[in-house]
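Reviewing the structure listed below.
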Amino acid sequence: MTQEELTKTKIINQAQELGAEFVGFANINRWIEADDIPVEFHPHKIWPQAKTVIVLGLPLWLPIIDASPTVLGREQSNVTNELLKKVAFRLVAFLNGKGYQAVTTSSAVFSHVWAGYYAGLGTVGWNQTLLTQQYGPRVNLVSIFTDLELSGDPLLAENLCTKCLYCQKICPAQALIDNENRKYAQVDQQACLKNEKRLQKAFCDPCGACIKVCPVGEDRQLFENNNFVKYFEEQEILNDNPHAAAYKDWVHIRSYGSYSLEKNSTNE
Amino acid sequence: MAQIEVRLTEIIEHAQDLGAQFVGFASIDRWEESKDVPVELHPHSIWPQAQTVIVLGVPACVDIAPNRPRGQSNVTSDLLDQAAYRLALFLNGKGYPSVNIPQDSTGEGITEHKTVRVFSHERAGYYAKQGRGYHTKNLVTQQENSQLALVSVLTAFQLIDNT
């Protein structure tokens, strides 16, 4: 198949037309130069033809995550993930049609968060989520490997994470462990997964606690939500009064479509 | 995220480009005035910034609706959910806070919850079809016996008569 010349602008236009909000490019050298993650997780170790990683992202709406865990949050996550998968598949088909090899990849073997950072979409937060200027960590991501060699987008100069540790404080699984010798939290994957399974049983996964509480993101102004005390006082206030006016929207959303949650043994 | 002026016709065209065949608008006042829905199911009870509900619809064939094959149901749900999400994305990008409520917000597999939803798209569609002088593009319900599958976007975008 003959190769047609493709620019980043053409690819961005195509991806956005298909529905992507964020589109970033990272040359595979970024992984080699930075040495942040083990070599076996570098793109060209997973797929040797890879020269560039294209990262696509879609935001999640703060008011829905705020009420989490809920069935609405689960549906929102499903809708964005399905859309991302379709956009990625169709962008791969577009690249293949122009004569370039391209494949999508799974988060099981590849970190979309680090790819997003190397593609200039944001910075890696203390809790190892990608923080974007517009939506903080409230973004779902997918990555495409291609043999089309393109220049990488500039990295964000400023680290967006303020290390406020709200994510650690609110985590229902206590899965984010601060280690002074490390730049990022040590994530207790087992504790996090155990909590996810508890939520899955009740049809109200994903948890969303560490991303809803993050103060980074212009969406906090858009959705007029900078009341962080509300997150931390919730349990105490609702224990005293399950119908407290300040939480009536969250309580209403939670009361539909999901089973009651089993007690979280991590907190016992 | 500065606010950029958006006209109602722009929203209608955008929704149609995304696949919606019915695009209707209902001010949140409709819920308050009619008093036929419990207050906790009103759009601004779910999300206080809501001013307007935009309802998107695609046809659902009436013959098979009572026992709709799962495949077709998934196709319409996916189309509507993605159109609603992308319309919310468009409005948020223009500085109008917006949140789409997915079509099936009842909990997959929880049959006992299927009759009650966190928000009724059908009720929103009913208010939107009444129109109240706002633009309502209705391509399908003009046909007798036709039914629509519906989905809603709650938005801070306010309807005014000259938009």
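Readers should treat all values here as calculations from the given coordinates under stated rules, not as data from a laboratory. Everything quoted here is computed from the prediction, not taken from an experiment. Cβ atoms come from the backbone with ideal geometry, glycine included; neighbour counts cover every protein chain shown.
Structure notes:
- Where the Cα pairs of the protein assembly as shown fall when distances are cut into 10 Å bins, in %: 4, 20, 30, 26, 15, 4, 0
- Cα long-axis angle, helix A:71-97 against chain A (0 to 90 degrees, to the nearest 10): 0 degrees
- Relative counts (whole %) of C-alpha pair distances in region A:126-248, using bins that are 10 Å wide: 11, 32, 36, 16, 4, 1
- For region A:154-213, the spread of Cα positions along each principal axis, largest first, Å: 41, 26, 20
- Sorting A:C171, A:C164, A:C192 from the fewest to the most surrounding beta carbons within 10 angstrom yields A:C164, A:C192, A:C171.
- Peptide B:96-102, shielding by other chains (average Cβ, 10 Å cutoff): 6
- MRE, 222 nm, helices only [DSSP H, n ≥ 4, -39500 (n - 2.57), over chain A, to nearest 500]: -11000 deg cm²/dmol
- Relative contact order %, region A:53-109, counting alpha carbon pairs below 8 Å whose residues are six or more apart: 26 percent
- Straight-line cross-link reach from A:K8 at under 27 Å between alpha-carbon atoms covers these lysines, not counting any fewer than eight positions away in the same chain: A:K45, A:K51, A:K85, A:K86, A:K98, B:K94.
- Theoretical gain in end-to-end length, A:Y184 to A:A157 [0.36 nm per residue, Cα-Cα removed]: 7.9 nm
- Inter-chain shielding of A:69-80 (mean C-beta neighbours from other protein chains, 10 Å cut-off): 6
- Build a GNM of chain A with springs between Cα atoms under 10 Å apart, and of A:I64, A:I177, A:I253 the one that fluctuates most is A:I177.
- Long-range HN-HN contacts of B:A60 with modeled amide H, under 5 Å: B:Q147, B:L148, B:A149
- Near A:N140, the amide H atoms lying under 5 Å from its own belong to A:L58, A:L60; only residues 5 or more places off or on other chains count, and H is placed 1.01 Å from N.
- Among A:Q174, A:T104, A:N239 the positive-end extreme of the charge dipole of chain A (Cβ point charges): A:T104
- Mean separation of Cα contacts under 8 Å (6+ apart) over length of region A:1-263, as relative contact order %: 23 percent
- From least to most packed, judged by other beta carbons within 10 angstrom and beginning with the fewest, A:T2, A:T7, A:T80 follow the order A:T2, A:T7, A:T80.
- Averaged over the residues of peptide B:152-159, the number of Cβ atoms from other protein chains lying within 10 Å of each residue's Cβ is 1.
- Cut-off 20 Å (backbone N to label point 7 Å along Cα→Cβ of A:H44), residues of region A:69-104: A:100-104
- Here the dipole of the protein assembly as shown is about 440 debye; that uses its Cα centre as origin and unit charges on the Cβ of Lys and Arg (positive) and Asp and Glu (negative).
- Once the chain from A:L193 to A:F89 is taken as fully extended at 0.36 nm per residue, the excess over their C-alpha distance is 34.7 nm.
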